[in-house]
Amino acid sequence: MSSPSKRREMDLMKLMMSDYKVEMINDGMQEFFVEFHGPSDSPYHGGVWRIRVELPDAYPYKSPSIGFVNKIYHPNVDDMSGSVCLDVINQTWSPMFDLVNVFEVFLPQLLLYPNPSDPLNGEAAALMMRDRATYEQRVKEYCERYAKPEHIGATPEEEISDEELSQGEYASSDEGMAGQADP
């Protein structure tokens with residue numbers, strides 16, 4: 001490729017033409033969200049995450065910044081910010097890699113093979129090393145609570161009140177149904 005901007009456009013188009021749902025932020029091609037599904041054969045199976053991707057000006061010579069928008073329980077993902085600790089992306093990135101590699105190889109590998117000895121979430125790392133079954137149960141609980149298709153558009157503040165919002169929605173539907181009951 002003759003320039004980083006052409007490579008950025010090509011990689012983004014390749015990602016958009018794949019099976020990933022991509023949502024642009026603003027009008028530029030440097031920031032966008034990608035819908036990512038947890039890999040099968042893992043406790044993350046069934047989870048859906050909104051991943052924020054930021055491409056630096058020097059992309060593909062410099063790695064993209066990757067972060068989970070909705071919560072995930074994982075030793076190598078910061079619980080508060082969603083930042084990913086991923087050596088391939090952060091340290092060993094090469095211009096030979098592209099955005100599809102991030103979503104088809106790097107992130108699935110991260111979820112399939114967490115590294116508790118290099119944690120961003122110390123609690124998840126400690127639990128994984130101490131009690132793998134309880135760790136996997138916690139992962140599944142997070143998937144149920146934060147990683148369903150209806151959660152990927154919610155901000156972390158909205159996620160906290162999801163239960164309250166759901167109860168409010170059901171209450172209003174119940175009232176409508178109650179008004180239509182036979183005498």
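The values are calculated or read from the model by the stated rules, or taken from the named source; none is laboratory data. Bear in mind the structure is a predicted one, so any value in this text is a computation, not a measurement. With ideal geometry, Cβ positions are generated from the backbone for all residues, glycine too; neighbour counts draw on all protein chains shown. Heads up: the accessible areas ignore ligands, DNA and RNA and are worked out on the full protein's heavy atoms, side chains in. Shrake-Rupley method; radii C 1.70, N 1.55, O 1.52, S 1.80 Å.
Observations
- Taken over the range 79-121, the residue count meeting the criterion of being assigned to a loop (DSSP other than H, G, I, E, B), touching a Gly at 6+ places or on another chain (Cβ under 8 Å) and surrounded by 15 or more Cβ atoms within 10 Å (Cβ to Cβ) is 1.
- Close contacts from the range 128-149, counting a first residue that is farther than 18 Å from P39 by Cβ and a second that is not in a helix (DSSP H, G or I), with Cβ to Cβ under 7 Å and a gap of 6+ residues or different chains, come to M129/P116.
- The set of residues from the range 28-54 being farther than 18 Å from E141 by Cα and open to solvent by 10 Å² or more (accessible area, probe 1.4 Å) comprises G28, M29, Q30, E31, F33, E35, R52, E54.
- Filter result for K6 (out of contact with any Asp or Glu (no Cβ under 9 Å at 6 or more places or on another chain), surrounded by 13 or more Cβ atoms within 10 Å (Cβ to Cβ) and among the charged types (D, E, K, R)): no
- Considering residues of the range 1-20 that are small (G, A, S) and assigned to a loop (DSSP other than H, G, I, E, B) only, the residue nearest to H37 (Cα to Cα): S18
- Residues satisfying the stated conditions in the range 21-55, i.e. under 20 Å from P108 (Cβ atoms), part of a strand (DSSP E or B) and more than 11 Å from the chain's Cα centre (by Cα): V22, F32
- Residue ID - nearest to V48 (Cα to Cα), chosen from residues in the range 1-28 that are touching a helix residue (DSSP H, G or I) at 6+ places or on another chain (Cβ under 6 Å), at pLDDT 85 or above and of a type in the set (A, V, I, L, M, F, W, C): V22
- Under the condition of being in a loop (DSSP other than H, G, I, E, B) and either open to solvent by less than 10 Å² (accessible area, probe 1.4 Å) or at pLDDT 95 or above (or both), the residues counted in the range 56-70 number 5.
- So D11, is it more than 16 Å from F103 (Cα to Cα) and either acidic (D, E) or within 11 Å of the chain's Cα centre (by Cα) (or both): no
- Qualifying residue in the range 78-98 (condition: β-branched (V, I, T) and under 14 Å from the mean Cα position of the chain (by Cα)): yes
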